[in-house]
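Report on one structure; see the data block that follows.
The values are calculated or read from the model by the stated rules, or taken from the named source; none is laboratory data. Fair warning: this is a prediction, and the values are worked out from it, not measured in the lab. Here Cβ is always computed from backbone atoms with ideal geometry, including for glycine, and neighbour counts include all displayed protein chains.
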Amino acid sequence: MTGRTPAADALELYDRTARDAAATVIARYSTSFAIACRLLGPRPRPHVRTVYALVRVADEVVDGPAASAGLSTDATRAVLDDLERETIAAIERGFSANLVVHAFARTARECGIGESLITPFFASMRTDLAVRRHDEDSHSAYVYGSAEAVGLMCLQVFVNAGARRIEQPPPALADGARRLGAAFQEVNFLRDVEHDTRALGRDYLGLSPGGLSRDDVLDRIDDDLAAAAAVIPDLPRDCRRAVTAAHDLFAELARRLRDGGTAGGRVRVPDIVKARLAARAWAGLSPLRERRR
């Protein structure tokens, strides 16, 4: 053969292609996240995209496409198990034939994302194949794996992308990352409660008369958003705008959920409001603080 690419250049090209694949996943599945991600600096941006691409692919495995392709629950679980094993193996060897996994593995190696965060995430994804109604304990475990651990992965990126050596984030930032992830997840639970119940047969919140109410969940969300907002100024400068934009988008969703519920369909933030929130974040304004009514 002629025109063979040198090995080092070939890996660089493969890395770029893998990162482009991750960016495509995010652009197709989450316009809101894609907007927020553009507010990140060039140092953390590609790494955060790779984290969310892997998370999205795993989430899609359990949320419909696999079943639509004719896979049984056991077969879907096997696909998810294979994805977890390939992810961990790719981190160890620095390569995967799966482009999204490869991109994530390169990020994990550079930023110090290990099995202590990956294993709980995949455990929560497996829960979606087995648990239909969550109690308080299973809810907490699910939220940790599916959302808080992802927030901690992103924090590892914020602190370590491009650094000479990996450092552990300060405890206050770790708590803020967890609470912001939890708030995002619980907003989505409330937005999707009808779809989750009717289409997927899942009850994540266990709302009931005389028990946990929507207002209880919204109060918890507001508390978590406030705690996260307090530490956003302590993040690296090239991450603050994007995290502020994401925080403010979910604060706006929480406000609309409190005002209008879900009677009119899935609560959304209009594009013009998203643009306004992104603009204020770009201007360096502080995160929004929602006053509970």
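Quick look at the numbers
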item: Only one of A246, A230, A281, A254 that is in a helix (DSSP H, G or I), closer than 15 Å to G181 by Cα and in contact with a Ser or Thr (Cβ under 9 Å, 6 or more places away or on another chain); result: A246
item: Residue check, V100 more than 26 Å from L13 (Cβ to Cβ), of a type in the set (A, V, I, L, M, F, W, C) and touching a residue at least 60 places away in the same chain (Cβ under 8 Å); result: no
item: Residue check, R241 of a type in the set (K, R) and not in a helix (DSSP H, G or I); result: no
item: Boolean, P46 is part of a helix (DSSP H, G or I) and either in contact with a Ser or Thr (Cβ under 9 Å, 6 or more places away or on another chain) or within 30 Å of R164 (Cβ to Cβ) (or both); result: yes
item: Residue that is surrounded by the fewest Cβ atoms within 10 Å (Cβ to Cβ), among those in the range 28-56 that are of a type in the set (A, V, I, L, M, F, W, C) and modelled with pLDDT under 90; result: A34
item: Breaking point among (1) within 23 Å of D248 (Cα to Cα); (2) touching a residue at least 40 places away in the same chain (Cβ under 8 Å), for A147; result: (2)
item: Segments classed as helices (runs of 4 or more DSSP H), wholly inside the range 88-177, with at least 3 members that are more than 27 Å from P42 (Cβ to Cβ); result: 115-127, 136-143
item: The one condition in (1) under 16 Å from the mean Cα position of the chain (by Cα); (2) over 20 Å from V243 (Cβ atoms); (3) at pLDDT 95 or above that V62 fails to fulfil; result: (3)
item: Number of the exception - V231 against (1) of a type in the set (V, I, T); (2) over 16 Å from S32 (Cβ atoms); (3) more than 19 Å from the chain's Cα centre (by Cα); result: (3)
item: Cβ pairs under 9 Å, 6+ apart, first in the range 116-142 and within 14 Å of D59 (Cα to Cα), second of a type in the set (D, E) and exposed (fewer than 15 other Cβ atoms within 10 Å of the Cβ); result: F122/D81; R126/D81; L129/D74
item: Any hit, the range 203-214, residues being under 30 Å from A130 (Cβ atoms), touching a residue at least 12 places away in the same chain (Cβ under 8 Å) and assigned to a helix (DSSP H, G or I); result: yes
item: Single residue of T244, T197 found to be surrounded by 17 or more Cβ atoms within 10 Å (Cβ to Cβ) and not charged (D, E, K, R); result: T244
